[in-house]
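Written out below as C-alpha cells is the structure these notes cover.
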Amino acid sequence: MEGGGMGVGRVITDWSEIPVELLMRVVSSLDDRTVVVASCVCCGWRDAICWGLTRISFSWCKNNMNNLVLSMAPKFRNLTGLVLRQDKPQLVDNVVETIANSCHDLEDLDLSKSFKLSDRSLYALAHGCQKLIKLNISGCSSFSDDALAYLSSYCRQLKVLNLCGCVRAASDKALKAIGYNCSQLQSLNLGWCEEVGDAGVTSLAYGCHDLRALDLCGCVLITDESVIALANNCLHLRSLDLYYCRNITDRAIYALAHIRVKNKNQMWDGVKTGDEDEDGLMSLNISQCTALTPPAVQALCDSFPALHTCPGRHSLIISGCLNLTSVRCACAFQAHQEVNTLAHHAY
C-alpha cells in the first residue's frame, strides 16, 4: 500500500502507518459493527476512530450489549448520536451512567424499549448529557415522573422527545415541568400515556410555542381544553394525533380551523418571519373520535388544503367515524369542478 500527497512512493507496511485522514474515509464507509472491530486493530486506529466518530448504533448487538457499551463508551468521547434501541431488553443503569460520564456532547440518544432502566439513568443523563436535543425513551415503563421532570430541568435544549408508552413518567406533573423548562420543544410523542390530562397538555401549549408535532394517541383523559390551548398557542403545529380521544368535540376542531386565521393575522402584523412554513396542519388523526360532526371537520379541511381524505393521500385519518364519511378534502371538490368543466365544454 502506497501513501499519497507528500508521501508519494512511500510504502505503508503497517496498519498503524495509515494517515488519519485516509483512515476516517475508510471508517465512514463501514457499518457500525465493523467500526467497533476496526477500533481494536491497534492503538492508532482506536485513537483515530474514537476521535473522529460522532454517531454509532449498537442495536445490532443482540447479546452482551452491556459489556460492549461499557468497553466502548469511554473511548467514543466525541459522540453526538447514539442508538441503543433493543428488541430484547438488555441495558442496565450503570451502562447509561457510563455513557453520561463519558459522552458529554451527546445530542441524539435512543434508549427505546429499555425496560430494565430505572430513574438512575435519567438522573445520570441530566447531569452528564445536557446538550441533548433528541431523546427517545419510548417503552421505558419504569421511569417515574419525578425523574423526567428532573431531566427536563437540566436538558433544556430538547427539541424531540418520545415518551410513547412511558405510562409512569408521562404525567401532568412531568409535562408541566417540560412546558416550563423546554421552550424549544418541537416534537413530542405521548402515545398511550393514559395518565396525561388537560393540565399537562395545556402547560405544554403555554410553554412550548414552537411545537410542530404532538401525538396524543390513546390519551383518553384529554378534552377540548387541551386542543383549544394548542390551537391558541402553538401556531406552527403541523401534525396532531388524537386517536381514541373520545372526549374531543366540535369545539376543538373549530379552534384548530382558526389556526390559519391567526397565522394570517400575525403575517400582516409583521410578526411572522420569511422562513416560516405557512401550510398549517398537514397531518391529523381523529380516528375513533366519535363525537365529531361533518360540518366541523369539513371546516377544518377547508382551512387546511394539506389535509386529505382521498385514496393514497390520507393525511386526515377518520377511520372508525362513520358519521364523517361525507367529509371531502380539496381534491374531491377540484375533481368535481373538472368534471363539470369537461361536461360544459362537451355540451
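The values are calculated or read from the model by the stated rules, or taken from the named source; none is laboratory data. Since this is a predicted model, take the numbers as computed values, not measurements. For neighbour counting, all protein chains shown are included, and Cβ atoms are generated from backbone atoms with ideal geometry for every residue, glycine included. What goes into the accessible areas is simple: the full protein's heavy atoms, side chains included, and nothing from ligands, DNA or RNA. Shrake-Rupley method; radii C 1.70, N 1.55, O 1.52, S 1.80 Å.
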| message | Return the residues of the range 204-222 that are in contact with a Lys or Arg (Cβ under 9 Å, 6 or more places away or on another chain) and open to solvent by 10 Å² or more (accessible area, probe 1.4 Å); say none if nothing qualifies. | response | Gly207, Asp210, Arg212, Ala213, Val220
| field | Count of the range 236-256 residues which are open to solvent by 20 Å² or more (accessible area, probe 1.4 Å) and either outside any helix (DSSP H, G or I) or in contact with an Asp or Glu (Cβ under 9 Å, 6 or more places away or on another chain) (or both) | value | 11
| said: When the residues of the range 60-73 are narrowed to those that are in a loop (DSSP other than H, G, I, E, B) and open to solvent by 50 Å² or more (accessible area, probe 1.4 Å), which ends up nearest to Lys134 (Cα to Cα)? | reply: Trp60
| request: For residues that are part of a strand (DSSP E or B) and not basic (Lys, Arg), scanning just the range 105-160, find the one that is most open to solvent (accessible area, probe 1.4 Å). | output: Val160
| task | Exactly one condition in (1) at pLDDT below 95; (2) closer than 13 Å to Cys155 by Cβ is not met by Ile137; state its number. | result | (1)
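Can you tell me which of Val96, Val92, Val83 is open to solvent by 10 Å² or more (accessible area, probe 1.4 Å), in contact with a Ser or Thr (Cβ under 6 Å, 6 or more places away or on another chain) and β-branched (Val, Ile, Thr)?
On the way: Val96 fails: open to solvent by 10 Å² or more (accessible area, probe 1.4 Å); Val92 fails: in contact with a Ser or Thr (Cβ under 6 Å, 6 or more places away or on another chain).
Matching residue, one of Val96, Val92, Val83: Val83.
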| query | Could you list, in sequence order, the residues of the range 194-203 that are open to solvent by less than 30 Å² (accessible area, probe 1.4 Å) and either modelled with pLDDT under 95 or closer than 10 Å to Leu221 by Cα (or both)? | reply | Val196, Gly197
| query | Quick one: how many residues across the range 168-226 are acidic (Asp, Glu) and either within 17 Å of Leu151 (Cα to Cα) or part of a loop (DSSP other than H, G, I, E, B) (or both)? | reply | 4
| said: Can you pull out every residue in the range 161-174 that is open to solvent by 10 Å² or more (accessible area, probe 1.4 Å) and without any contact (Cβ under 8 Å) to a residue 40 or more places away in the chain? | reply: Gly165, Val167, Arg168, Ser171, Asp172, Lys173
